[in-house]
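The values are calculated or read from the model by the stated rules, or taken from the named source; none is laboratory data. Here the structure is a predicted model, which means the values were calculated and not measured. Note that we place each Cβ from the backbone using ideal geometry, even for glycine, and neighbour counts take in every protein chain shown.
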Amino acid sequence: MMKTEVSNKQSGTERVVSQFTDLMIQTIEGLQQGWRKTWITTEASGRPLSVAGRGYSYMNEFFLYMHCEQMNFRYPLYVTVNKANAMGAHVNKGEKGAPVLFWKLDIKDDKGRRIDSADYDKMSRDQQGKCTVFPVLKYYTVFNIDQTNLAEVQPDKIRKIIDENFSVPELRGSDGMYANSALDSLIDNQSWVCPISCKQQNNAFYSRKDDSITIPEKQQFNLGGTEDEVFLAGQEFYSTMLHEMTHSTGSPDRLNRKKGEAFGDDSYAREELVAELTAALMGHQLGFNTRIQENNAAYLSCWLKSLKQDPKFLVSLLADVNKAARMIEQHINTEAA
């Protein structure tokens with residue numbers, strides 16, 4: 001596996017970004033070689049969580065999933081050293097944690113003096129206007145619970161977190177296909193940001209001109225076979241739906257992503273990767289894994305090239321994934337309320 005180049009002059013955060021990029025490169029190379037059929041293969045469904053019950057940004061979720069896969073951890077449940085110690089536990093000797101990225105504002109007043117965000121918030125608008133504000137990427141380190149003795153020290157607490165967050169029931173419809181009521185409601189009630197039509201056809205697409213989504217009917221994904229194959233066919237339907245929903249979030253009056261004008265250009269390829277990763281994250285959060293779209297296989301080399309040339313490409317990409325996934329999650333939660 002070719003890794004991104006790491007300079008000795010890189011900051012800690014830059015090294016973390018390179019680490020994230022290498023994990024993504026490894027994932028895409030696996031897809032390219034054909035040994036991995038889905039973006040995320042961990043069996044435990046549900047969002048990565050801290051033992052305090054807090055989630056992580058979608059930018060970090062993907063890499064915590066991949067960290068679990070790489071290390072064969074059972075659940076995406078994480079803790080900091082300080083939190084583990086506060087719970088009477090410890091991180092096992094020699095363990096290496098996973099970085100979690102976050103944005104912090106670097107604020108300086110008109111004299112160049114650094115001030116904290118609390119003081120900045122107390123300023124008047126005129127005073128704030130004289131300050132310079134730059135977002136700076138930072139990170140902290142977390143450890144999977146399998147890297148600690150938390151399960152032995154706090155067995156009831158850890159078991160409760162796992163049972164409540166990582167035990168998603170296997171839902172089958174009367175036809176044996178996977179069924180997801182949250183996504184079905186978006187279609188039945190037409191409550192997504194644009195119309196979603198299911199029609200007898202072979203293609204799925206988002207129309208920029210009409211601001212609408214069209215996907216084949218669910219039964220078209222059912223090609224028969226074993227019970228498992230029929231069940232997975234249902235997941236393919238929802239995976240396709242999430243992919244096209246992601247495209248619709250990028251319209252000019254929503255998240256306004258640059259999508260490219262022609263099939264195969266760089267912006268078009270980038271938008272496809274945003275849709276792939278958003279669908280993968282949302283699918284896994286909802287309880288199923290998503291396969292890479294067949295028509296995106298040709299983009300694998302293009303994605304690898306972009307990642308290897310510029311690790312920062314991944315940061316901007318995941319910022320868009322973060323926004324798109326948040327929009328989808330908010331609509332699903334609103335529908336379920």
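Miscellaneous remarks
- Residues considered: G55, G88. Of these, the only one that is farther than 27 Å from T27 by Cβ, of a type outside the set (D, E) and modelled with pLDDT of 90 or more is G88.
- Residue satisfying all of: in the range 86-128; in contact with a strand residue (DSSP E or B) (Cβ under 6 Å, 6 or more places away or on another chain) and in a helix (DSSP H, G or I); farthest from A151 (Cα to Cα) among these: Y120
- Cβ-Cβ under 9 Å pairs, at least 6 apart or on other chains, the range 60-87 side without any contact (Cβ under 8 Å) to a residue 24 or more places away in the chain, far side outside any helix (DSSP H, G or I): N85/V91
- Residue within the range 27-49 that is out of contact with any Pro (no Cβ under 6 Å at 6 or more places or on another chain) and over 24 Å from I292 (Cα atoms) present: yes
- Residue in the range 62-82 that is among the acidic types (D, E) and farther than 26 Å from I40 by Cα present: no
- Residue under evaluation K259, criteria (1) of a type outside the set (V, I, T); (2) modelled with pLDDT under 90; (3) more than 23 Å from the chain's Cα centre (by Cα), criterion not met: (3)
- Qualifying residue in the range 305-314 (condition: of a type in the set (A, V, I, L, M, F, W, C) and within 24 Å of N203 (Cβ to Cβ)): no
- Of the listed requirements (1) over 27 Å from G46 (Cβ atoms); (2) acidic (D, E); (3) touching a residue at least 40 places away in the same chain (Cβ under 8 Å), E329 misses just one: (1).
- Residue within the range 152-161 that is modelled with pLDDT of 95 or more, in a helix (DSSP H, G or I), touching a Cys at 6+ places or on another chain (Cβ under 9 Å) and among the aliphatic types (A, V, I, L, M) present: no
- Residues (crowded, with 21+ Cβ neighbours inside 10 Å and among the β-branched types (V, I, T)) located in the range 201-239: I213, I215
- In summary, F166 fulfils each of the numbered conditions (1) modelled with pLDDT of 90 or more; (2) crowded, with 16+ Cβ neighbours inside 10 Å; (3) of a type outside the set (V, I, T) with the single exception of condition (1).
- Residue list for the range 160-193, filter: under 30 Å from I145 (Cα atoms) and aromatic (F, W, Y): F166
Yes/no per residue for (1) closer than 18 Å to I40 by Cβ; (2) of a type in the set (A, V, I, L, M); (3) surrounded by fewer than 17 Cβ atoms within 10 Å (Cβ to Cβ):
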site: H284; (1), (2), (3): yes, no, no
site: T290; (1), (2), (3): yes, no, no
site: N295; (1), (2), (3): no, no, yes
site: A298; (1), (2), (3): no, yes, yes
site: C302; (1), (2), (3): no, no, no
site: L307; (1), (2), (3): yes, yes, no
site: K312; (1), (2), (3): no, no, yes
site: D320; (1), (2), (3): no, no, no
site: A324; (1), (2), (3): yes, yes, no
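- Annotation note: Cβ proximity below 6 Å between a residue of the range 152-177 that is more than 18 Å from P48 (Cα to Cα) and a residue that is in a loop (DSSP other than H, G, I, E, B) (sequence gap 6+ or interchain) occurs for V153/G88; V153/A89; Q154/M87; L171/A179; G173/A179; M177/N222.
- Pick from the range 97-115, criterion closer than 30 Å to E61 by Cα and either loosely packed, with under 10 Cβ neighbours inside 10 Å or among the aliphatic types (A, V, I, L, M) (or both), ranking: modelled with the lowest pLDDT: L105
- Residue satisfying condition, being assigned to a helix (DSSP H, G or I), over 25 Å from E217 (Cβ atoms) and touching a residue at least 60 places away in the same chain (Cβ under 8 Å), within set L273, L318, L242: L318
- Among the numbered conditions (1) closer than 25 Å to Q33 by Cβ; (2) over 16 Å from the mean Cα position of the chain (by Cα), the only one that E272 does not meet is (2).
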